[in-house]
Amino acid sequence: MTNPSSLPGRRALVVRGGWEGHSPVEITERFVPFLKEHGFTVETADSLDAYGEADRLAATDLVVQCWTMGEIAPELSRALAAAVRAGTGFAGWHGGVIDSFRGDLDYHLLTGGQFLMHPAEFVDYTVQLVPGRANHPVIEGLADFGVHTEQYWVATDPDIDVLATTTFPTDDERDHPVVMPAVWTRAYGAGKVFVSAIGHKADDFDIPEVRTLTERGLLWASR
């Protein structure tokens with residue numbers, strides 16, 4: 001198997017904006033040097049109009065999106081989906097990828113999931129790796145780990161490959177615990193999609209496992 005980091009001349013496009021509470025510039029800047037170290041030429045865009053540049057998207061091997069909420073024009077959403085179907089990778093974390101463009105159902109078919117709610121405060125919870133997927137390159141060699149951040153309740157497409165989960169405990173609304181997807185990948189035509197629900201704040205990525213699986217996810221999704 002070819003080592004993704006050895007592939008020359010790849011291009012990444014980082015699309016960032018939307019709600020500033022998810023620090024789209026600060027957090028994406030953490031990953032720009034990593035991508036460059038792995039042979040990517042990295043461009044950034046602070047407008048969704050980048051998705052309307054067909055030639056640019058076709059030449060892009062990986063789109064990293066951090067754009068929370070907002071709206072996307074239908075033609076831009078279709079153009080993004082078409083580029084991924086043709087082989088451009090798509091990746092992101094937390095609200096920057098699964099709390100984007102809430103009214104666009106086609107976009108959520110691309111990502112394979114949508115944010116619905118989270119507890120009012122940051123909580124301590126364990127990210128549990130799916131044992132049957134332990135050999136997946138995104139999580140290989142990692143173990144379950146703890147975080148203190150937002151815990152996302154999501155609605156997901158059944159046709160995703162769940163790599164890690166979190167468990168919502170019994171509370172006033174539920175008399176039973178609920179296991180929720182937290183990290184997943186999916187195929188989308190010729191393209192690949194990586195999603196992590198972890199990453200509300202910059203220091204979430206100081207946790208080695210969070211940083212590692214996110215970096216690996218970016219490489220995995222790339223053409």
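Put a dot 7 Å past the Cα of ALA82, heading toward its Cβ, do the same for TRP19, and the two dots end up 3.1 nm apart.
Helical runs assigned H by DSSP (4 residues or longer) give the chain a calculated mean residue ellipticity at 222 nm of -7000 deg cm²/dmol, each run adding -39500 (n - 2.57) before division by the residue total. Within region 112-169, the chymotrypsin sites (Phe, Trp or Tyr not before Pro) that combine a DSSP coil assignment with at most 16 other C-beta atoms in a 10 angstrom radius are PHE122. Under a Gaussian network description of the chain, with springs only between Cα atoms under 10 Å, the residue in LEU48, LEU142, LEU80 that fluctuates furthest is LEU142.
If R0 is 30 Å, what FRET efficiency do you get for GLU53 and LEU116 from their C-beta distance, rounded to 0.05? Don't skip to the end; give the middle numbers.
Details: r = 32 Å, r/R0 = 1.07.
It comes out at approximately 0.40.
The alpha carbon centroids of region 75-107 and region 136-176 are separated by 21 Å. Highest mean packing comes first when the peptides 190-197, 154-161, 58-65, 17-24 are listed by Cβ atoms within 10 Å, giving 190-197, 58-65, 17-24, 154-161. Only the Cβ atoms of Lys and Arg (+1) and of Asp and Glu (-1) were treated as charged; on that basis the dipole of the chain about its Cα centre amounts to roughly 960 debye.
State the antiparallel share, in %, of DSSP beta bridges confined to the chain, rounding to the nearest 5.
Numbers: 24 of 46 bridges.
So the antiparallel bridges in the chain amount to around 50 percent.
Rounded to the nearest 10 degrees, the inclination of helix 208-221 to the longest alpha-carbon principal axis of the chain is 40 degrees.
A DSSP coil position with no more than 13 other Cβ atoms inside 10 Å describes the following GluC sites (Glu not before Pro) in region 157-223: GLU173. Of the trypsin sites (Lys or Arg not before Pro) found in region 43-151, none is in coil by DSSP with at most 10 other Cβ atoms within 10 Å of its Cβ.
When SER222, SER77 are sorted by how many other C-beta atoms sit within 10 angstrom of their C-beta, beginning with the fewest, the order is SER77, SER222. Compute the helix-to-body angle for 24-37: its Cα long axis versus the longest principal axis of the chain, expressed 0 to 90° and rounded to tens. The answer is roughly 60 degrees.
Here, each number is a calculation from the coordinates, and none is a lab measurement. The shown structure was predicted, so the numbers you read here are calculated from the model rather than taken from an experiment. Counting neighbours? That spans all protein chains shown, and the Cβs are built from the backbone with ideal geometry, glycine included.
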